[in-house]
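A.B. asks: Can you read through this structure? Questions will come right after.
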Amino acid sequence: MRKIRDVAFYLGLGALCTHEIDAIPNHEWRGMPLLGTLRDESGMLVFIAAHVLFFAVLIALVASKDERVRRLSRLAISAFIVVHALLHVLSAGAPTYEFSSRLSRLLIFGGAGLGGLYLALSLKRERIGPR
């Protein structure tokens, strides 16, 4: 069960990372509260630069030597991936929303499914007890 849970987490994280690559040609910054007010070139630069820090923090948390930090980080990241998909659902009708390809939807909603699976398996593990 642990292997399935770990695979779900890493695939979900991989889907999130790949979605952020896919976000560049889909101009995701245009739909964001502050970045959407910037000219395209500036918005894209800030969007990309912010992701350097974003992913550095995620990697540091997931790779932490502290088991509790790793566990809580995985739960938080998985929950974020699910919430992230909900934000995409809410944004889908906006004029700036461009994520219409099958690949984009697979990355967003497949990632959310994997994040949800990780959360469900983690909850089940907590009820049964660590193995």
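A.B. asks: DSSP loop (so not H, G, I, E, B), at most 14 other Cβ within 10 Å: list which trypsin sites (Lys or Arg not before Pro) in region 18-110 pass both filters.
C.D. replies: R39, K65
A.B. asks: Within a 10 angstrom radius of the beta carbon, how do I48, I108, I21, I77 rank from fewest other beta carbons to most?
C.D. replies: Going from sparsest to densest Cβ surroundings: I21, I48, I77, I108.
A.B. asks: Next up: What list of ³J(HN,Hα) couplings, whole Hz, do you get for region 79-85 from phi and the Karplus terms 6.51, -1.76, 1.60, once you set θ to phi - 60° and write x for glycine and proline?
C.D. replies: Rounded to whole hertz, the list is 5, 4, 4, 5, 4, 4, 5.
A.B. asks: Could you calculate, for the chain, the ratio of the Cα radius of gyration to the Kirkwood radius, expressed as Rg to Rh?
C.D. replies: Rg/Rh: 1.02.
A.B. asks: About its Cα centre, how strong a charge dipole does region 2-128 have in debye, to the nearest 20, once Lys and Arg get +1 and Asp and Glu get -1 at the Cβ?
C.D. replies: 780 debye
A.B. asks: Still on this structure, please answer the following. Which of L61, L87, V7 sits farthest toward the positive end of the charge dipole of the chain, with +1 on the Cβ of Lys and Arg and -1 on the Cβ of Asp and Glu?
C.D. replies: V7
A.B. asks: OK, next. Give me a comma-separated list of calculated 3J(HN,Hα) values for region 66-76, in order, Karplus coefficients 6.51, -1.76, 1.60 applied at θ = phi - 60°, integers in Hz, x for any Gly or Pro.
C.D. replies: Couplings: 7, 4, 5, 4, 4, 5, 5, 5, 4, 5, 5 Hz.
Read the figures in this text as sums done on the coordinates, not as results from a lab. As the structure is a computational prediction, the values presented were derived from the model and not from experiment. Please note: Cβ atoms are built from the backbone with ideal geometry, for glycine as well, and neighbour counts cover all protein chains shown.
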